[in-house]
Amino acid sequence: MIRVQEQDFDIGAEIAKLKSGRTDIGAIVTFTGTMRDSSRGQTLEAMTLEHYPGMTEQELARIESEAHARWPLQESLIIHRYGRLEPGDNIVLVITASEHREPAFHVSYFSKSWMPGTSAGHDEVCVRNCDQ
Amino acid sequence: MRLLYFAWVREKTGIGAEEVELPREVTTIAELIAWQKTRGPEFAHAFERSEVIRAAIDKTHVRPSASIGAAREIAFFPPVTGG
């Protein structure tokens, strides 16, 4: 599942929702990307993540389906925020659930490294714009 | 043809979106960027470092050599750092 939203997310609530009613899941891994107060030696006070509706969802769904094709995952959730963010704010959440721990860890790492907005390789979806 | 601009590309061009009629000789993203540079000082400035600008045709990321074909919407973004 993927979600692109302006508001913050509650990691505990998202995990609870994901595993609700499921008895087949044995491992849940989460990755949370948060905003740092510096980038390339510059101090950042805030940044604005722009979002291209349609393309962001399409790219995140592609990443998620690629992850499911490569590893035996039972559930996954990717949330990417947009809008104005300040240091310490949550930016992205990846939750992966599998029967055993390895796939969940692998995908969490994979998703992070491919996440639009956090990787130079897939940076075309969310565009950061420093407000400093 | 609808053209969209994000982040500093938008700030430099001064517009977020526009409808344009492309010249017939513009058939690829690279040619479109070259044409953008001729559209006035704001566009020349926005596309000055064209090698770092990313493009998407109808919401799919493409390389500069990509053919525009029957595209309805082309978007331009700056690169992103972080992670």
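No value in this document is a laboratory result; all are computed from the given coordinates. Please read these numbers as outputs of a predicted model, since none were measured by experiment. We place every Cβ from the backbone using ideal geometry, glycine too, and count neighbours over all the protein chains shown.
Scanning residues 5 or more positions from A:ALA27 or on other chains, those with amide H under 5 Å from its amide H are A:SER98, with H placed 1.01 Å from N in the peptide plane. Applying the Karplus relation 6.51 cos²θ - 1.76 cosθ + 1.60 with θ = phi - 60° to the stretch A:75-82 yields 3J(HN,Hα) values of 8, 7, 9, 10, 10, 10, 8, 9 Hz, where x marks Gly and Pro. Translational diffusion coefficient of chain B (Stokes-Einstein, Kirkwood radius from Cα pairs, 4 °C, 1.567 mPa s): 102 µm²/s. Calculated [222 nm] ellipticity per residue, helices only, for the protein assembly as shown: -8000 deg cm²/dmol; basis is -39500 (n - 2.57) per DSSP H run with n ≥ 4, divided by all residues, nearest 500. In this simple spin-label approximation, B:ARG2 and B:HIS45 carry label points 7 Å from Cα along the Cα→Cβ vector, and these lie 2.7 nm apart. Using only Cα atoms, what Kirkwood radius does the protein assembly as shown have, in angstroms? One decimal place: 18.5 Å for the Kirkwood radius. The modelled label-to-label distance for the pair A:ARG84/B:ALA30, using points 7 Å beyond Cα in the direction of Cβ, is 4.1 nm.
Among the lysines of the protein assembly as shown, pairs at least eight places apart or on separate chains and with Cα atoms under 28 Å apart come to 6.
Using only Cα coordinates, the Kirkwood hydrodynamic radius of the stretch A:1-96 works out to 14.7 Å. Only bridges whose two residues both fall in chain B count here: according to DSSP, what percent of them are antiparallel, nearest 5? The answer is about 75 percent antiparallel.
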